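Note sheet for the following structure.
The values are calculated or read from the model by the stated rules, or taken from the named source; none is laboratory data. Since this is a predicted model, take the numbers as computed values, not measurements. Note that we place each Cβ from the backbone using ideal geometry, even for glycine, and neighbour counts take in every protein chain shown. Only protein heavy atoms, including side chains, enter the accessible area calculation; ligands, DNA and RNA are left aside. Shrake-Rupley method; radii C 1.70, N 1.55, O 1.52, S 1.80 Å.
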Amino acid sequence: MSSSATTIITSKRVMLSSEQAEPLPYTIHVNNETGKIVQIDQGYAPEKANIDSGNELIMPGIVDAHVHINQPGRTQWEGVVTASHAAAAGGVTTIIDMPLNCIPSTITTDALRLKEESFRDGMWVDVGTWGGVVPGNHPHLVPMLEAGARGFKCFLCDSGVEEFPPVNEAELRKAMTELKKKNGVLLFHAEMELPTPPPPSKSNSTDYQSFLDSRPAKMEETAIELVIRMCREFAPYVPCHIVHLSAASALPLIREAKKEGLPLTVETCFHYLTINSESIPEKATEYKCCPPIRDNENREKLWEGVLDGSIDFVVSDHSPCTPDLKLHPCCGGHGVKDGEEGDFLKAWGGIASVGIGLPLIWTEGQKRGLKLQDIIRLLSEKTAEHARLTHRKGKLAVGMDADMTVWSPEESIVITKDKIHFRNKLTPYAERNCQGLVLKTIVRGNVVYDAELQDKATGSTDACFSAQPLGQWISDPFQNGIKSQSRL
Ligand SMILES: [Zn+2]
């Protein structure tokens, strides 16, 4: 093979997959045309390499399977250029967009094409999308899978935007009957209104507790009972997935369902693992999301679920909006009505965090016995599997996309403004001290982010990013996720 056609990347510390016990020296050869790994040699070989990462850790690129890009339609909340910059700066090589908060919602093949068109020339990392299930759109589901949707998301309660209504059991059954034809995965926002709503909170609405009281864990448990029932009814043909689990009290239900062999997977988010409700300041609406961040005891139980595999992986659920909709004090009155500043009950729910998850989870995880292997499993492998991308992403092996996160797990960092690249900078993580510095992000062999190129004098990070958007739209037709059990 001629060296002009390949990029050679070497490091003394490489983790090829979560099966590897500890980092080892490897040299990875990438075909420049296809972006695929063509050869992996044991050993560190700086003399041959185009990219010598020395002692920096190379691992499979992070796949964040839950990001709200909001483009087209609400690009002022977030757009593909800023979201993919943020991803690149955080070692995230693939993001999968959610079907709501953009306009139109991604609920038809036409909307899917419109999104693809809108994202063209704006992707700094690879981007795919979930479709949505809403009442009556079941005839669109199979064509959308064929057009590259990774699967579908639905709501069992109000989604927060009127273009994306929730589904009831009868509508779910129609959708799942369609998904059964292709073994398409269905993602559930698992919160449901209770027959008896919770009593009004005794706390002031600028106090986080007021919001927490309004969304008890029971709302998640009730929804998860329904998800499990539907999953059982359509097993093994329609894999079901619970997005952003917050209530640890639902873990026993989930463990039972998994023991029963149901095709059920579960994600949680960086915020549920790294923040507890007791520490949320007054009026700090940047912490508001649905389901809510709960108390510290809940958080520790979620960690147990992560470490024992009951929770399959961790994502950002990056869901930003403009600061005025957050009714945030930082807004200085811009668009915020008198008396509404810092009102947790009225503020938009969603936490901005794409690209800052790795140091957050690594810092908190190490205190609880989390290993590098777990990081790869939770952030890269299982999320790639969830997005039906195991043929390309989630591991470093011959034939796979050369997507890599290059970082220093030992280095301490502060999440300062120059590390926050998404459009609206309001986030609970500003000024947080962490461990884990992302140094380079490589997408299909291309360096899309290089921390070393930051301008030391001005602090500008412009030069860190590749001049061209080298990310690609992921349109691979949906791959059957349950090979051995299907077509019985
Ligand atoms: Zn979400």
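Here are the numbers for this structure:
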{"quantity": "For segment 177-194, 3J(HN,Hα) per residue [Karplus equation, 6.51 cos²θ - 1.76 cosθ + 1.60, θ = phi - 60°, Hz, x = Gly/Pro]", "calculated": "5, 5, 5, 4, 4, 10, 6, x, 7, 10, 9, 10, 6, 9, 9, 9, 4, 8"}
{"quantity": "For residue 435, residues with placed amide H under 5 Å, excluding near neighbours", "calculated": "363, 413"}
{"quantity": "Accessible surface, the chain, averaged per residue in Å² (probe 1.4 Å)", "calculated": "37"}
{"quantity": "Rounded if a/c under 1.5, otherwise prolate or oblate - segment 1-159, Cα gyration tensor axes", "calculated": "prolate"}
{"quantity": "Qualifying aspartates and glutamates (Cα of each under 14 Å from Cα of residue 393; at least 8 residues distant if same chain)", "calculated": "64, 126, 381, 385, 401, 403, 476"}
{"quantity": "Simple Cβ-charge dipole of segment 61-386, Lys/Arg +1 and Asp/Glu -1, about Cα centre, in debye nearest 20", "calculated": "640"}
{"quantity": "Vicinal HN-Hα couplings computed from phi for segment 114-125 (Karplus, 6.51 cos²θ - 1.76 cosθ + 1.60; Hz; Gly/Pro x)", "calculated": "4, 5, 4, 4, 5, 7, 3, 6, x, 9, 8, 9"}
{"quantity": "Karplus (6.51, -1.76, 1.60) ³J(HN,Hα), θ = phi - 60°, over segment 13-27, in Hz, Gly and Pro reported as x", "calculated": "10, 10, 10, 7, 7, 6, 6, 7, 5, 8, x, 9, x, 9, 10"}
{"quantity": "Residues with amide H under 5 Å from that of residue 123, placed H, sequence gap 5 or more", "calculated": "471"}
{"quantity": "Net charge contributed by nearby residues that have their C-beta within less than 9 Å of residue 253 (K/R +1, D/E -1)", "calculated": "-2"}
{"quantity": "Share of Cα-Cα pairs in segment 212-349 lying beyond 27 Å, as whole percent", "calculated": "29"}
{"quantity": "Between segment 92-140 and segment 359-423, the alpha-carbon center distance in angstrom", "calculated": "23"}
{"quantity": "Segment 286-343: relative contact order in percent, alpha carbon pairs under 8 Å with at least 6 residues between", "calculated": "22"}
{"quantity": "Positive-end residue, the chain charge dipole about Cα centroid, Cβ charges, pick of 50, 189, 228", "calculated": "228"}
{"quantity": "Relative contact order [Cα under 8 Å, 6+ residues apart], the chain, whole percent", "calculated": "21"}
{"quantity": "Positive minus negative residues near residue 310 (Lys, Arg vs Asp, Glu; Cβ under 11 Å)", "calculated": "0"}
{"quantity": "Fraction of accessible area attributable to carbon and sulfur, the chain (%, probe 1.4 Å)", "calculated": "50"}
{"quantity": "Neighbour net charge for residue 13 - beta-carbon separation under 12 angstrom, K R +1, D E -1", "calculated": "-2"}
{"quantity": "Descending Cα extents along the principal axes, the chain, whole Å", "calculated": "69, 59, 43"}
{"quantity": "Cα convex hull volume per residue for segment 128-193 (Å³)", "calculated": "83"}
{"quantity": "Structure-based [θ]222 nm, the chain - -39500 (n - 2.57) summed over DSSP H runs of at least 4, per residue, nearest 500", "calculated": "-6500 deg cm²/dmol"}
{"quantity": "Amide proton proximity set for residue 154, modelled H, under 5 Å, gap of 5+", "calculated": "133, 187, 188, 189"}
